[in-house]
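Each remark here refers to the structure printed beneath this line.
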């Protein structure tokens, strides 16, 4: 099996997926949670016989203490048939007034299951911190790998290993974000701090797989083998294939168990980890290693 031959077809495919994902980040863009945008999030269970349209009509008829409407609202139905409603930031006094109004419009059996409000200043601050967390983690990975691979043969720079590991890592993150950008416009998913935590976890898993393969390539190059870099890379990938598959399958079994049996509140987090694990394993074999080979040949 030649991984390098397969990469001739898979590298262009990955380039297309990354490009599409980057475009999706701007058009239409991800549906950000209130942690990043600020606002109020509520979850309701409607009385028997009431529908999403009834709740939407009631929300449109509401006026706060200052006589202002709620304006644009985001509504979504969960798997448990409850309704998520996201609005502009409203204080506790107006929240109680809204709840009373909704009960009068839809019935006293209306249940509020969740109420969260975050100001726009806090949301902007959390967005900056999330971006900084991703940037700092990326820089730290480059420095760590460059230090760990400082003993590679002179024909290969340790910085190449670090840069290409991060290139594969960014490939994983961008495609994952692109997938969830689409999901955020068709499901209840919103980009929140838990999603950022999942992305950081994916970064750790992805770079671990890549380091194992790079370490095997380094050992084979240092062993005095005369084969060219493509043959060394293919041999190294075959030597690590069983270990990578076993590790990936072990992680996926646990994640799928959590996805189907775990709490609804962590389901999107687990799904992010599942996709990240699959994409991260793929990129270690067909992105990071082939790019190292092509860079070395140039």
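Some observations on this one:
- Label point distance in nm, residue 25-residue 132, each placed 7 Å from Cα along Cα→Cβ: 2.0
- What the Cα convex hull of the chain gives, in volume per residue, is 140 Å³.
- Inter-label distance, residue 108 to residue 187: 3.9 nm, where each label sits 7 Å from its Cα along the C-beta direction.
- Segment residue 140-residue 15, length gained on full extension (0.36 nm per residue, minus Cα span): 42.5 nm
- Hypothetical label at residue 212: residues of segment 259-290 whose amide nitrogen lies under 15 Å (7 Å Cα-Cβ projection): 277-286, 289
- Linear extension gain, residue 266 paired with residue 72, 0.36 nm per residue minus alpha-carbon span: 67.1 nm
- Helix-only mean residue ellipticity at 222 nm for the chain, each DSSP H run of n ≥ 4 adding -39500 (n - 2.57), per residue, nearest 500: -23000 deg cm²/dmol
- Rg over Rh, two decimals, segment 39-118 (C-alpha only, Kirkwood Rh): 0.92
- Rounded FRET efficiency, nearest 0.05, which uses the C-beta distance separating residue 147 from residue 92 and R0 of 45 Å: 0.30
- Each peptide among 98-106, 277-285, 123-131, 231-239 gets the average number of other Cβ atoms lying within 10 Å of its residues, and from highest to lowest they stand as 277-285, 231-239, 98-106, 123-131.
- Fully extended contour minus Cα-Cα distance, from residue 197 to residue 57, at 0.36 nm per residue: 46.8 nm
We did not get these values from a lab; they are worked out from the coordinates using the rules stated. Just so it is clear, the structure is predicted and the values come from calculations on it, not from any experiment. When we count neighbours, we look across all protein chains shown, and the Cβ atoms used for this are built from the backbone with ideal geometry, even at glycine.
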